[in-house]
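What follows is a single structure, written as structure tokens, with notes after it.
The values are calculated or read from the model by the stated rules, or taken from the named source; none is laboratory data. Just so it is clear, the model here is predicted, and its values are computed rather than measured. Cβ placement follows ideal geometry from the backbone for every residue including glycine, while neighbour counts extend to all protein chains displayed. Areas reflect the complete protein model, heavy atoms only, side chains present, ligands, DNA and RNA absent. Shrake-Rupley method; radii C 1.70, N 1.55, O 1.52, S 1.80 Å.
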Amino acid sequence: MTGDDQDDTSTAREAVVDARRKAAAALALLAEAAVRYADARISDDTAAGIGSGRRSRVRPGEFVADELALLLRDQPYAVRCLLARSRRLASGLPTVWEAFRRGELDAEQVRVIDRVARRVTEPATLAALDEQAVEAAQARSPKQLQVWLLRLVVQLEPLAFQQRHRRALAERRVTVVQGADGIGYVTGEMSAADAAAIDAMLAATARGLGADDPRTDQQRRADLFTDLLLGRLAFDQPGDAGEESDDQESAPVEAANPDWLEVEDIDPDTGELLGTHRQPLDAEGQPIGEPVDPTSELMPRVRPKLIKRPQTNRIGVIVPLASLLSGGSDQPAELASRSGFIPGDILKEQIATALDPDQRDEVLFTRLLTDNGGRLLDVTELGRYPSKRLAEAIKIRAGSCRFPTCTVPADRCDLDHHEPVPNGVTSGRNLDPFCRRHHRGKTFAWHAAHRDHNGVDWTLPDAEHYRCLDEPLPIGRAAMRSA
């Protein structure tokens with residue numbers, strides 16, 4: 001490398017470092033501006049008497065994150081996290097906050113530091129974290145930084161770590177996300193012992209399908225996970241379908257010992273959670289026998305026998321008619337929430353399988369016809385509450401909550417009249433789905449909304465207008481050609 005090349009590389013390196021610092025400082029400036037806006041809106045609401053008297057059903061500034069979400073083009077949840085994180089760092093970790101403002105820490109490092117700091121219970125630990133985090137972040141990636149900071153907190157607060165583990169286990173949940181390319185993701189939080197048992201069961205069952213199965217091991221595991229969870233497949237236990245079996249080894253260990261206690265394995269020196277195991281208990285709740293290793297003893301001891309259960313399938317996707325016809329369009333279908341897609345050939349294959357006369361499944365089709373622009377025709381009904389058919393059509397038209405940045409599926413939303421009954425009619429033009437949060441915001445926080453043709457117009461307290469457009473329903477290539 002020549003001297004000129006070295007100079008060019010050095011200059012480019014300095015440019016990267018400088019750009020990173022400026023970008024981080026700009027994000028800190030944005031966070032400060034968002035907090036100032038939120039504080040100003042809370043002051044305005046308080047001065048207007050919101051939160052007291054007849055207007056006590058809403059808190060001052062309760063929907064400020066939703067307003068900022070429109071300005072930042074982000075989700076309200078992410079904005080609430082930004083506001084809370086900025087306030088916590090400015091008050092509890094001043095050294096970290098000033099480093100963020102100078103650009104020495106970027107947004108992802110700040111998120112990691114805040115995430116760890118929220119686990120701290122003692123002021124001395126928080127002070128140590130504030131003192132050491134900036135230097136620790138200079139030579140570590142966000143993931144490495146998180147491990148380093150967690151190790152510091154565990155060393156300083158070993159007992160609190162054990163309590164957090166128990167609390168996290170009590171707050172376990174399942175998260176479902178629709179991804180790209182027609183794929184969805186399911187994430188479940190559970191004890192380490194249960195996670196190991198699930199992994200072992202899937203591994204053993206996948207191997208038990210034999211070498212003739214053309215799927216890879218990971219494909220088998222994914223299909224088994226889905227089919228077992230949805231009840232399409234089940235393990236053939238002794239006594240199923242009126243059959244009896246003398247093979248006691250076909251049942252998992254827990255069938256013989258149904259009572260057990262999950263015990264945490266804690267490092268006595270650091271307080272770190274090393275894992276968990278299951279301890280069998282007798283009838284009086286006393287430990288008996290050896291601990292159960294979930295990675296080996298909780299898996300089926302013999303090759304499990306799988307049986308297919310008949311299902312009742314409700315096909316609730318929005319799909320162009322041409323995509324269902326043999327030899328027609330292969331345009332993908334959409335989920336009703338507009339959150340994912342299904343390839344046309346896969347959908348046709350699933351329908352053909354469900355309609356196979358040798359199958360015992362029952363299939364219920366819901367058909368929704370649209371014009372060549374993907375728009376539903378307006379329907380008007382008498383009474384306050386829409387019929388099931390009208391409600392379904394409105395939710396399919398919307399897909400999700402009609403607040404501009406909200407993605408809550410319409411099936412989980414309230415159907416709200418833009419113009420209340422009795423002045424407003426029960427019709428597609430006057431009804432739209434709003435999640436409970438934005439339904440309350442429209443009703444109590446003076447956020448005005450009305451439907452205009454193919455969208456919902458919102459007017460917020462700052463007099464700014466935002467429009468939430470309906471996504472056209474699929475119409476297929478054939479319909480578009482004839483338009």
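Points to keep in mind about this one:
- Residues considered: 424, 428, 441. Of these, the only one that is small (Gly, Ala, Ser), modelled with pLDDT under 90 and within 14 Å of residue 406 (Cα to Cα) is 441.
- As a summary of the residue check, residue 224 satisfies the conditions (1) open to solvent by less than 60 Å² (accessible area, probe 1.4 Å); (2) closer than 23 Å to residue 170 by Cα except for the one numbered (2).
- Selection count where residues are open to solvent by less than 10 Å² (accessible area, probe 1.4 Å) and either within 14 Å of residue 447 (Cβ to Cβ) or in contact with a Phe, Trp or Tyr (Cβ under 7 Å, 6 or more places away or on another chain) (or both), scope the stretch 28-60: 2
- Residue list for the stretch 130-161, filter: more than 22 Å from residue 17 (Cβ to Cβ), loosely packed, with under 14 Cβ neighbours inside 10 Å and modelled with pLDDT of 85 or more: 131
- Scan of the stretch 166-190 for residues that are out of contact with any Phe, Trp or Tyr (no Cβ under 7 Å at 6 or more places or on another chain), open to solvent by less than 50 Å² (accessible area, probe 1.4 Å) and either over 19 Å from residue 228 (Cβ atoms) or basic (Lys, Arg) (or both), ordered by number: 169
- Among residues of the stretch 196-226 being among the hydrophobic types (A, V, I, L, M, F, W, C) and outside any helix (DSSP H, G or I), the one that is nearest to the chain's Cα centre (by Cα) is 209.
- Residue-level analysis places residue 59 among those that are out of contact with any strand residue (DSSP E or B) (no Cβ under 9 Å at 6 or more places or on another chain), charged (D, E, K, R), in a loop (DSSP other than H, G, I, E, B) and free of Cβ contacts under 8 Å to residues at least 60 places away in the same chain.
- In the stretch 51-69 there is no residue matching the filter, namely being within 29 Å of residue 139 (Cβ to Cβ) and among the charged types (D, E, K, R).
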